[in-house]
Amino acid sequence: MTAGDVEVVRGSLNSRKAVMFDGTDDELQIDAQTVGLQGLADTTGSFSIWILPDNITGTYGLWSHGANAAAATTNLLLEQVAGKIRLFGRIQATAGFDIITTNNVLTTKRVWTHVAVVHNGTRPTIYINGLAVAMTDTVFTDLTAWWSVFVDLDEGRIGCKTINNIESEFFIGSISDVKTWTRDLSAAEVLEDYKGNTLTNDATDLYSHWAWDEVLTDAGVGNDTASAVAHAYLCGWASEWARLIELNALVADHFENLSYDSAGEMTTLILKAA
């Protein structure tokens, strides 16, 4: 394409409003959420996140809570490990649980994937795209562990791992629509969240919700606004199509629902040459 050309791309873009991470040192700090949830000391809860990974061969932190004190080794971590999803919880020097999805690859490079975790007071369950998946408990010292026992936690991150005030495992790609509930969702509710529907008790039980509709503000009852670090930024609409052609973000911000003779009405991106 040259300046002045216009290319119309027809088809589903599967786009979401998101924050983009470069995999080097980008992160969102959510310390207020960590402190708030630790203070509630709930024994049940739920969490969901949409991820669009640029790489699925490495290990990347998605949602992480740690302790700032150098002597503390307590942490709660959700991460992507070679396409699998791992949930890890450690209380001081003792691992409470280390759970990983059994199937080889559950996340796909440059495809939006919905990941959810539900702790019902007995154990955590991992969901992918609205459905519970097979899990392997590699450590199960205390599967009941949740916020009521993670007493040292005081720092939170989206897009990396944090422990003892040291960040690592920086995510590369886009993250969208991060939510935390103070209760355990039912399987039907997880599926409704995956479909993008509001749940019945969200007005009281949705503690955090970062929709990233042009702002980093938390729309949940916790009202914990995230803080971007390094080059993490609100990229508007992050689409699978844009990532597949190696773009750093969605090039165009103009969408229209156009009617096509052969395919009916479809979302259309109009891309201008630079």
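Values in this text are rule-based calculations from the coordinates and carry no lab data. Quick caveat: nothing in here was measured; it's all calculated off a predicted structure. Here Cβ is always computed from backbone atoms with ideal geometry, including for glycine, and neighbour counts include all displayed protein chains.
Of note:
- Cβ-derived FRET efficiency at R0 30 Å, Asn55 paired with Leu216, nearest 0.05: 0.80
- Placing unit charges on each Cβ (+1 for Lys and Arg, -1 for Asp and Glu) gives region 19-235 a dipole about its Cα centre, and among Gly121, Asn68, Met20 the Cα reaching farthest toward its positive end belongs to Gly121.
- When each of Leu131, Leu234 is scored by the number of other beta-carbon atoms lying within 10 Å, the sequence from fewest to most is Leu131, Leu234.
- Gained length - Thr108 relative to Gln92, 0.36 nm times residue gap less alpha-carbon distance: 2.4 nm
- Cα centroid separation - region 152-210 against region 65-134, whole Å: 12 Å
- Cα gyration tensor, region 19-235 - rounded (a/c under 1.5), prolate or oblate: rounded
- Label-to-label distance, Leu131 versus Ala230, with points set 7 angstrom from Cα along the beta-carbon direction: 3.5 nm.
- Per-residue Cβ neighbour counts within 10 Å put His65, His231, His209 in the sequence His231, His209, His65, beginning with the fewest.
- Taking all Cα pairs closer than 8 Å and separated by 6 or more residues, the relative contact order of region 19-235 comes to 33 percent.
- A dipole drawn for region 19-235 from +1 and -1 charges on Cβ atoms has a positive end, and of Ile85, Thr182, Trp146 the residue lying farthest that way is Ile85.
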